[in-house]
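The values are calculated or read from the model by the stated rules, or taken from the named source; none is laboratory data. Being a predicted model, the structure only gives us computed values, none of them experimental. Cβ sites come from the backbone with ideal geometry, for glycine too, and all protein chains shown count toward neighbours.
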Amino acid sequence: MPLISMKPMLAAARRAGYGVGAFNIVDYNSARAVVRAAEEIRAPVIVQTSVKTVKFWGAPAIGGWLRELAEKTRVPVALHLDHCTRLDVIVQCLAAGWTSVMIDASDKPFEENLTLTKKVLEITEPLGVGVEAELGAIGGVEDDRKVSDADAHLVDPERAAAFCELPLAVFAPAIGTAHGYYKSAPKIAFDRLETLFRGTSMPFALHGGTGLSDEVFQRCIQLGCAKINISTQLKHSFIDSFVEYHQAKKEYEPLKPLGAQFDRMKHEVIEKIRQFGGEGRGPDYELER
Ligand code: 13P
């Protein structure tokens, strides 16, 4: 089927209480592994790209890969732009077929963040494209932006209400998770998440999924996190699987380590989708549309 917006996908997930995995891809092989994983267990899936990845390959190339992969599968696939601070990049991606975008103005003052988010909604609404916005500051490194522990701060639930009234596909509240591997167990602000959850039916995005415990995932999903982001784990399996294959076989046939890389990533994506409760939800979604 064609690529779809993540908006109805995430509304269905929040209603039914499961999470849709959102996996950052870096090339065609990783994109193919994510889509095939979802297909194998009949799950909806979000394929997301960082701005850095868009700049590396160019938006038309990535849009073309994903359109082709989605058309060949029967599970719903959304193509999402992760953490984008620039309107021109959003417009480029929309022209190349992205069906969802994140405007990340979380480092701006509250009013500016809200205004920019509304501006993106004005552009995307007529196109049926889903929008994600963030409030608070999620720690760690994403693309080339580093948010130190001292600068990371939690979402303010009162201010978050203004975002949850917008027609967003998903809202990303900073609740104490961080991008990258955790050096110690993160302190998750479940109290704030619960306050948000009780006040809105808006689905939430859980950033910094790599390294979170199953208990954290399950509690966050119960409290409305319908989009679960995984990037760092896949970056590691992308590199490690290729290198380990070569170290073991010492061959110079690139398609073989690429095959090993595909298998490892697909396996890990299947595990994550199962953990978030997405298995078998692709057809459900079809019925709800
Ligand atoms: P991790 O890199 O920690 O998995 O976080 C991914 C993410 O939130 C992307 O926006």
Checking residue 73 against (1) within 23 Å of residue 44 (Cα to Cα); (2) of a type in the set (Ser, Thr, Tyr); (3) surrounded by fewer than 24 Cβ atoms within 10 Å (Cβ to Cβ); (4) under 18 Å from the mean Cα position of the chain (by Cα), which single condition isn't satisfied?
(4)
Can you pull out the residues in the range 120-144 that are surrounded by 16 or more Cβ atoms within 10 Å (Cβ to Cβ) and over 24 Å from residue 196 (Cβ atoms)?
123, 143
Any chance you could count how many residues in the range 1-48 are assigned to a strand (DSSP E or B) and in contact (Cβ under 8 Å) with a residue 40 or more places away in the chain?
8
I need the full set of residues from the range 139-191 which are within 11 Å of the ligand (Cβ to nearest atom), touching a helix residue (DSSP H, G or I) at 6+ places or on another chain (Cβ under 7 Å) and more than 20 Å from residue 51 (Cα to Cα), in order please.
181
Please verify whether the range 237-257 includes one or more residues that are in contact with an Asp or Glu (Cβ under 8 Å, 6 or more places away or on another chain), away from the ligand (no atom under 14 Å from the Cβ), of a type in the set (D, E, K, R) and at pLDDT 95 or above.
no
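Residue 123 - would you say it is modelled with pLDDT of 95 or more, over 28 Å from residue 269 (Cβ atoms) and outside any loop (DSSP other than H, G, I, E, B)? Spell out how you get there, then give the answer.
Working: modelled with pLDDT of 95 or more: yes; over 28 Å from residue 269 (Cβ atoms): yes; outside any loop (DSSP other than H, G, I, E, B): yes.
Taking the combined requirement at face value, the residue satisfies it.
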Among the numbered criteria (1) under 16 Å from residue 14 (Cβ atoms); (2) touching a residue at least 24 places away in the same chain (Cβ under 8 Å), which one does residue 141 miss?
(1)
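Could you check the range 151-207 and list, in sequence order, the residues that are among the acidic types (Asp, Glu) and either buried (at least 24 other Cβ atoms within 10 Å of the Cβ) or part of a loop (DSSP other than H, G, I, E, B) (or both)? Working first, answer last.
Filtering the range 151-207 down to residues among the acidic types (Asp, Glu) leaves 151, 156, 158, 165, 191, 194.
Residues satisfying the conditions are 151, 156, 165.
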Out of curiosity, is residue 128 at pLDDT 95 or above, away from the ligand (no atom under 13 Å from the Cβ) and on the phi > 0 side of the Ramachandran plot?
yes
Odd one out for residue 25, checked against (1) under 19 Å from residue 168 (Cβ atoms); (2) within 16 Å of the ligand (Cβ to nearest atom); (3) out of contact with any Pro (no Cβ under 6 Å at 6 or more places or on another chain); (4) not acidic (Asp, Glu)
(1)
Lone unmet requirement of (1) of a type in the set (Gly, Ala, Ser); (2) surrounded by fewer than 23 Cβ atoms within 10 Å (Cβ to Cβ); (3) under 24 Å from residue 275 (Cα atoms) for residue 13
(2)
Within the range 78-105, can you find the residues that are surrounded by fewer than 24 Cβ atoms within 10 Å (Cβ to Cβ), part of a loop (DSSP other than H, G, I, E, B) and within 17 Å of the chain's Cα centre (by Cα)?
85, 97, 105
Index of the failed condition, residue 228 passing every other in (1) in contact (Cβ under 8 Å) with a residue 40 or more places away in the chain; (2) more than 15 Å from the ligand (Cβ to nearest atom); (3) crowded, with 24+ Cβ neighbours inside 10 Å
(2)
